[in-house]
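The values are calculated or read from the model by the stated rules, or taken from the named source; none is laboratory data. Given the structure is predicted, the values throughout are model-derived calculations rather than measurements. Here Cβ is always computed from backbone atoms with ideal geometry, including for glycine, and neighbour counts include all displayed protein chains.
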Amino acid sequence: MSARPAVTTGNVLFSLKTFLAAMLAYYIAVRFDLPRPFWAVASVYIVAHPLSGAISSKSVYRLLGTLIGGAVTIILVPNLVNEPILLSAAIIAWVSGCTFISLLDRTPRSYVPLLGGYTVLLAGLPLVTAPANTFDTVVARVEEIGLAIVCASIVSHVVLPVHVGAILLGRIDAWIARAQALLMATATAEQDEPRSRAERYALAADAADLRSFTTHLQYDGSRYRHALTLVRSLQHRMVSFLPLLSEIEDLRRALSRLDSSQAKQAISVIEALGSSSTSESGILTAETDLPASFEASRSWESLLLANVARNMRDVVEVSSACQSLRDGLKKDSAARAARRIASPDPVPRPHRDIGMASLSALTVAICLATSTFFWIASGWTDGMTFAQISGVLCCLLATMDDPVPTMRKFAEVTSGSVLAAFVYAFAILPVIGDFMPLVAALGLFLIPAGICLAVPSLAIVGMGLCINFPLLLALQSHQNSDFTTFANSSVATVLAMVWTIVVCSIFRSVKAETNARRLFSVVQRRVVAIASGGHIDPHVTRHRVIDMAGLFAARAAKISPNSETAEADLIRDLRTGLNIKAMQELSEEASMLSRLKAESIFPALEILYRLAPAERGEALRDTLKLLDNLILSSADATATDPDTALFVRAAALRVCLAPEADPPASIIPPPKRNAA
Amino acid sequence: MTGQFDLYGVFLPSLSAIALFAYGLFRMMTSLFARIGLYPAVWHPSLFNLALYITLVGGLSAILNWLQT
């Protein structure tokens, strides 16, 4: 539980607003005589979010998903209702297919296929006993959800709105400030490696989070709504900071090992960059006279210095681009500025984990298959609720590594809301005859529960209370306090949760470490693909690997220290890949001798990155030998310009591969540590 | 307000037709207002928009009623 108090003005206000929207939706639903008005109340609580833009986006996705699911229900149910097994199979295939698609997309947009899937469960399963009502039921569900999201959106936009735009910009500023602080720390002093690596991972995770958060911006009511492209291209630039930061750290370490006057001078220039990172003009002059003064001798040292110069030029370029984009956002005419600085290239699609998505889809299928089988075999009417709830829960929690603890919590909370619904259904609602007293009675429960919804650490409690409560009561609205029905559906709901926990813990739960290792091996394979000369866009690689580093970050804390991925530095691997790519391009133009030497390195790298990190010692030594051979040939005066560029890249690659190794010499010393 | 539109056999309440038409009109007007720079001068743009939309729906249904009588 969080240390901060749950009851703050903002949270209470949010809860009151949500309650207002819910009651507005309920009132309209009752006035228009919709068949299941409590669906509207539950829907308002499902889309509830403190930010008004987020509500609108979730609402649009929810409506779209419901429409898709409704259409599929109308197609499937009447046609297959006489073949229960076939119908179950079709529904299971559809729901798990939708789960699979939704897991590939990690933005809020994934809600559309997810909802398209389980709407069929919620709307379709009750129809198997009365297929003639299919169209009416689907229309009613779409109407109720439509009503709920309209109410939720209007209330959140009109009553004391909290806009996404301002908060997003605040978070972007905080991110940049954090990156600058890391830059400053890296540049001015030697860093403790695991700590700065963790910090870079955290930044990558934040950047990924920001990107999915930006999806809400286009539905926001603030003036930043039109600045979407501007924000996207700003985020695009922000992430290219991370490999640069990692490079500075390694270069600095390599330079301090050299212990010569020039190296000291270069370190002082890096320090100057760190301390003056706010005033760009100062750095520009400082770094431009670096390469000129060291061009004379092409030693390992001068190659390092050339890399320092390139790195600093990039840092300055990225930070000034970020600055100008940020300034563009500040102006009123953000839309016009966006058109002017339109993103040069589209942001590549993030990493997709097909394996995990298939596993989750399979789990949904297994869970649904067993529960529908139970329903058909037992003939229990409320087996339907059992199948519905277990399927929906499986879908909703499919994104987690290990959904079981969350589900257990959810099940506990649901038992609580069953109790509350019981009290309401049999003690309070029967004596209430009017709308206003009903609102007051519901508010007594829903307003405090809604406060939980606003606190991230209690969100699951809030969800369990607010969403289940109206649904459990809703079953009562027709049958006039029939205890058997209530008991049946409550038992089915709780049983469904228990069953989902059982199925998920058998099939679905993976350790954080497993996923971390999977991410790690994807990155390694990508480096192999680059080294073997595959056609891989470096731009796409950069974004995808940083995205994966963000995913890795969420798991890094849970990895045991003696695991092979504990020492993994995905951002360093990314730099290796990018340097290999650059070397391949440069070697096309280089002289024959350098080209041959360079091309002998790539197969060695390919072998190196195919090995597990623990087995790399020998291969790393071989690769470094070949690489040093190339680097040491830079002393020849005959080298041309493309050759020099190649040598510079080779030096950068060597720093990536063996950041702690001694500088190359004619007799190659063994590297001290298997860092890669 | 009680009439229904016959859309190839599907009966739509006239209120929903009015609401849809008003929404189209509303989108046109808001983009026009955004272009002439009205919104920075508005205290609460969302409330303004809501009021505008309700005015449009109300106005349209009043016109329809008046035409029918």
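Values for this structure:
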item	result
The range B:37-48, residues that are surrounded by 11 or more Cβ atoms within 10 Å (Cβ to Cβ) and at the interface with chain A (Cβ under 10 Å from one of its Cβ atoms)	B:39, B:44, B:45, B:46, B:47, B:48
Matching residues in the range A:217-253 - criterion: being at pLDDT 75 or above and either touching a strand residue (DSSP E or B) at 6+ places or on another chain (Cβ under 6 Å) or basic (Lys, Arg) (or both)	A:232, A:237, A:252, A:253
Residues satisfying the stated conditions in the range A:130-162, i.e. within 14 Å of chain B (Cβ to nearest Cβ) and of a type in the set (Gly, Ala, Ser)	A:146, A:152, A:153, A:156
Residue match in the range A:201-220 (condition: within 14 Å of chain B (Cβ to nearest Cβ), under 30 Å from residue B:43 (Cβ atoms) and among the hydrophobic types (A, V, I, L, M, F, W, C))	no
Flag if residue A:572 is modelled with pLDDT of 80 or more and farther than 30 Å from residue A:418 by Cβ	no
Matching residues, the range B:54-63, being away from every other protein chain (no Cβ under 11 Å) and surrounded by fewer than 15 Cβ atoms within 10 Å (Cβ to Cβ)	B:55, B:58, B:59, B:62, B:63
Some residue of the range A:108-124 being buried (at least 18 other Cβ atoms within 10 Å of the Cβ) and within 14 Å of another protein chain (Cβ to nearest Cβ)	no
Candidate set: the range A:309-323, residues that are closer than 12 Å to residue A:243 by Cβ and among the hydrophobic types (A, V, I, L, M, F, W, C); chosen: the one farthest from the chain's Cα centre (by Cα)	A:315
Which numbered condition residue B:51 fails, given (1) part of a helix (DSSP H, G or I); (2) free of Cβ contacts under 8 Å to residues at least 24 places away in the same chain; (3) exposed (fewer than 15 other Cβ atoms within 10 Å of the Cβ); (4) more than 10 Å from every other protein chain (Cβ to nearest Cβ)	(4)
Any chance residue A:187 is crowded, with 20+ Cβ neighbours inside 10 Å, over 28 Å from the mean Cα position of the chain (by Cα), more than 25 Å from residue B:16 (Cα to Cα) and not assigned by TED's automatic domain parsing to the domain that holds residue A:78	yes
Residue list for the range A:526-541, filter: over 21 Å from residue A:614 (Cβ atoms), part of a helix (DSSP H, G or I) and either at pLDDT 75 or above or not assigned by TED's automatic domain parsing to the domain that holds residue A:606 (or both)	A:529, A:530, A:540, A:541
Residues (among the aromatic types (Phe, Trp, Tyr) and either under 21 Å from residue A:56 (Cα atoms) or more than 13 Å from chain A (Cβ to nearest Cβ) (or both)) located in the range B:10-31	B:21, B:23, B:26
Looking only at the range A:487-516, and only at residues there that are buried (at least 19 other Cβ atoms within 10 Å of the Cβ) and modelled with pLDDT under 80, the one that is nearest to residue A:426 (Cα to Cα)	A:508
Filter result for residue B:34 (within 30 Å of residue A:162 (Cα to Cα) and away from every other protein chain (no Cβ under 12 Å))	no
